[in-house]
1. Would you please list the contacts, defined by Cβ atoms under 7 Å and residues six or more apart or on different chains, that run from a residue in the stretch 160-183 that is closer than 11 Å to H30 by Cβ and surrounded by 10 or more Cβ atoms within 10 Å (Cβ to Cβ) to a residue that is basic (K, R) and at pLDDT 95 or above?
2. Quick one: A69 ticks every box in (1) open to solvent by less than 70 Å² (accessible area, probe 1.4 Å); (2) at pLDDT below 95; (3) of a type in the set (A, V, I, L, M, F, W, C); (4) closer than 19 Å to V130 by Cα except a single one, so which number is it?
3. Would you point out which residue out of A146, A87, A115, A107 is surrounded by fewer than 15 Cβ atoms within 10 Å (Cβ to Cβ) and of a type in the set (A, V, I, L, M)?
4. What are the residue pairs meeting all of these: first residue in the stretch 30-57, first residue at pLDDT 95 or above and polar (S, T, N, Q), second residue open to solvent by less than 30 Å² (accessible area, probe 1.4 Å) and part of a loop (DSSP other than H, G, I, E, B), Cβ atoms under 7 Å, and 6 or more apart or on different chains?
5. Looking at the stretch 92-125, which of its residues are in a strand (DSSP E or B) and modelled with pLDDT of 95 or more?
6. Residue check: is L135 open to solvent by less than 20 Å² (accessible area, probe 1.4 Å), closer than 23 Å to T89 by Cα and not in a loop (DSSP other than H, G, I, E, B)?
7. Considering the stretch 118-128 alone, what residues qualify as being closer than 17 Å to E64 by Cβ and either surrounded by fewer than 18 Cβ atoms within 10 Å (Cβ to Cβ) or in contact with a Pro (Cβ under 6 Å, 6 or more places away or on another chain) (or both)?
8. What's the total number of residues in the stretch 149-159 that are part of a strand (DSSP E or B) and either open to solvent by less than 80 Å² (accessible area, probe 1.4 Å) or in contact with a His (Cβ under 7 Å, 6 or more places away or on another chain) (or both)?
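The values are calculated or read from the model by the stated rules, or taken from the named source; none is laboratory data. Everything quoted here is computed from the prediction, not taken from an experiment. All Cβ positions, even for glycine, are placed from backbone atoms using ideal geometry, and neighbour counts span all protein chains on display. With ligands, DNA and RNA removed, areas are computed over all heavy atoms of the protein, side chains included. Shrake-Rupley method; radii C 1.70, N 1.55, O 1.52, S 1.80 Å.
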Amino acid sequence: MSATNVSRIAIAAGVAASTVLLLAGPAAAHVSVQPQGEAAKGGYATLNFKVPNERDKASTVKVEVNFPADHPLSSVTPEAVPGWKIAITKGKLDKPLEVHGKKITEAVTKVTWTADGSKIAPGYFQQFPVSVGQLPEDADQLVFKAIQTYDNKEVVRWIEEPKGGEEPDSPAPVLKLTAATEDHHGGAADKAGDDDSKADHNADDQTASAEGDKKDTHAASSSSDTTARTLGIIGILIGIAGVAFGVLAGRRRTA
């Protein structure tokens with residue numbers, strides 16, 4: 001095969017790859033949701049709603065996330081995001097929820113972030129964290145329909161639920177739930193507590209060891225001091241005995 005043919009094939013492959021990327025890019029760049037760690041059934045989780053800017057000449061100034069009505073969440077707490085105002089919308093529940101022995105008659109239906117000194121510029125994305133719970137035990141996933149508004153008044157609705165294996169043109173963010181755990185409040189906190197307990201135990205052991213070393217050192221020092229004093233006294237006694245012996249010897253010679 002000639003060098004010219006090789007170059008033509010390489011160029012054609014590059015064009016094909018670029019076309020695939022261009023076609024795949026817009027479909028992949030949509031509002032999505034991912035948990036920090038796991039989102040276990042019956043537990044609590046922190047979710048990150050990731051909002052990319054898809055326009056070249058417009059910035060995102062508003063994001064609305066609708067929470068599923070078929071599986072209402074009793075606790076929804078958004079994290080403050082610099083440069084964005086947060087509005088929480090609640091609604092009455094047709095069927096009250098019972099959480100920790102208490103009846104919940106209303107739940108969050110929507111959280112809205114509105115730009116207040118900040119925007120999502122072209123080529124950037126922004127994450128909006130929300131702490132939620134208690135996640136349902138009778139569902140494998142939760143669908144959050146989102147609406148994205150640009151500063152040129154364009155509105156994009158990410159509300160289509162996925163069906164089958166194909167992704168729709170404007171897919172809604174979908175949260176996959178994992179199997180329930182024994183600790184619905186999250187195992188990470190307990191693990192951190194266990195690690196802290198182990199660290200405290202190790203610190204206590206090290207402190208006790210250090211104190212033991214100090215005691216041993218003090219005992220050794222005291223023993224050395226006692227030995228030195230004893231030897232000193234013996235030396236003085238020997239010296240006195242030597243002087244007395246010398247005096248007696250001198251008297252005998254004189255006599």
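1. Pairs that qualify, where the first residue is closer than 11 Å to H30 by Cβ and surrounded by 10 or more Cβ atoms within 10 Å (Cβ to Cβ) and the partner is basic (K, R) and at pLDDT 95 or above, are S170/R157; A172/K145.
2. A69 satisfies all of (1) open to solvent by less than 70 Å² (accessible area, probe 1.4 Å); (2) at pLDDT below 95; (3) of a type in the set (A, V, I, L, M, F, W, C); (4) closer than 19 Å to V130 by Cα except (1).
3. Details: A146 fails: surrounded by fewer than 15 Cβ atoms within 10 Å (Cβ to Cβ); A115 fails: surrounded by fewer than 15 Cβ atoms within 10 Å (Cβ to Cβ); A107 fails: surrounded by fewer than 15 Cβ atoms within 10 Å (Cβ to Cβ).
Checking each option against the conditions leaves just A87.
4. S32/P173; N53/S59
5. The initial filter retains those residues of the stretch 92-125 that are in a strand (DSSP E or B), namely 92-99, 102-115, 120, 125.
Residues satisfying the conditions are V108, T109, K110, V111, T112, W113, T114, A115, I120, F125.
6. No, not satisfied.
7. Passing the criteria: S118, F125, Q127.
8. 5
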